[in-house]
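Working notes, beginning with the structure itself.
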Amino acid sequence: MTELVVKPKLPQLTITKVRSNFQDCVTFKDKFLSSVCDSTSISNIQTFHYLVSAINGDAKRVIQHIPVSEQGFRVEWEILVERYKNERLIINTHIDNITKLPCLTSENASQLRHLLDTIKCNLEALKAMKHTTESWDMIIIHTLVQRLDIKTQKEWELHMSNKGLPNLQQLYTFLEHRYNALESIANKPKSKEQNNTWIGRSLILMYHNVIHLRSYQIRKSIS
């Protein structure tokens, strides 16, 4: 009787395919190591196939000619690690992500959330790379406030009036409260007055459409 061999299933990684972004490659490397490479039930050849399917663009072209084998995976992995271990470029990428954020033109909960999360994530990434950012508070505060919409900037200045120099945590707390308020307002159901206004406009539009159609029918019958 033939014995059924069950091949281990590769774990699913919730990560965007890697192309040539240094920041993404570092994140991918850590997740891939912990989820796949450290698993004793997955062979190097299986890991090789998984790695090929998880990378794209320039990163994939770098290793496209490496043969599938036990040794091939080790060579492939070393090439990718060597190519994307440029610490200076990775740090520059994180700093660019902070300093090149778009400015908000109006109050918007989702855009404010994105702005706040981007700042936090990139600062945490720099800390993880053993780069001290604790003394950056005033620089980050200035950068972040300059990208807020005018109304939120005004509210921040009023909030911090006569309180001395703020720290980054105070700005985080202020913006979290601001986000929660905007999100709460955005999710409120429309009032009866707003609904009536919308219905009234819809009826007017329908009336004009009927008049236009009737006029067209009359002109057509005459011609």
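The values are calculated or read from the model by the stated rules, or taken from the named source; none is laboratory data. None of the values given here were measured: they were computed from a predicted structure. Cβ placement follows ideal geometry from the backbone for every residue including glycine, while neighbour counts extend to all protein chains displayed.
Within the set of pairs 6+ apart or on separate chains, which have a first residue in the range 152-181 that is assigned to a loop (DSSP other than H, G, I, E, B), a second that is loosely packed, with under 13 Cβ neighbours inside 10 Å, and C-beta atoms under 9 Å apart?
If the second residue must be loosely packed, with under 13 Cβ neighbours inside 10 Å, the pairs left are Leu165/Met138; Pro166/Met138; Asn167/Met138.
Give the residues of the range 87-102 that are surrounded by fewer than 16 Cβ atoms within 10 Å (Cβ to Cβ) and either assigned to a helix (DSSP H, G or I) or assigned by TED's automatic domain parsing to the domain that holds Leu51 (or both), sorted by residue number.
Glu87, Arg88, Leu89, Asn92, Ile95, Asp96, Thr99, listed by residue number.
Kindly evaluate Glu107 against the criterion of being assigned to a loop (DSSP other than H, G, I, E, B) and in contact with a helix residue (DSSP H, G or I) (Cβ under 9 Å, 6 or more places away or on another chain).
Yes: the conditions hold for Glu107.
Residues to consider are Ala109, Ala125; find the one that is closer than 26 Å to His177 by Cα, surrounded by 14 or more Cβ atoms within 10 Å (Cβ to Cβ) and at pLDDT below 90.
Answer to the check: Ala125.
Check off (1) part of a helix (DSSP H, G or I); (2) at pLDDT 70 or above; (3) among the charged types (D, E, K, R) for Lys31 and give me the number that stays unchecked.
Here Lys31 meets the rest and fails (2).
Would you point out which residue out of Leu158, Leu144 is within 24 Å of Leu101 (Cβ to Cβ), modelled with pLDDT of 90 or more and surrounded by 10 or more Cβ atoms within 10 Å (Cβ to Cβ)?
Just one listed residue meets the conditions, Leu144.
Restricting to the range 110-131, give me the number of residues that are among the aliphatic types (A, V, I, L, M) and part of a loop (DSSP other than H, G, I, E, B).
Count: 1.
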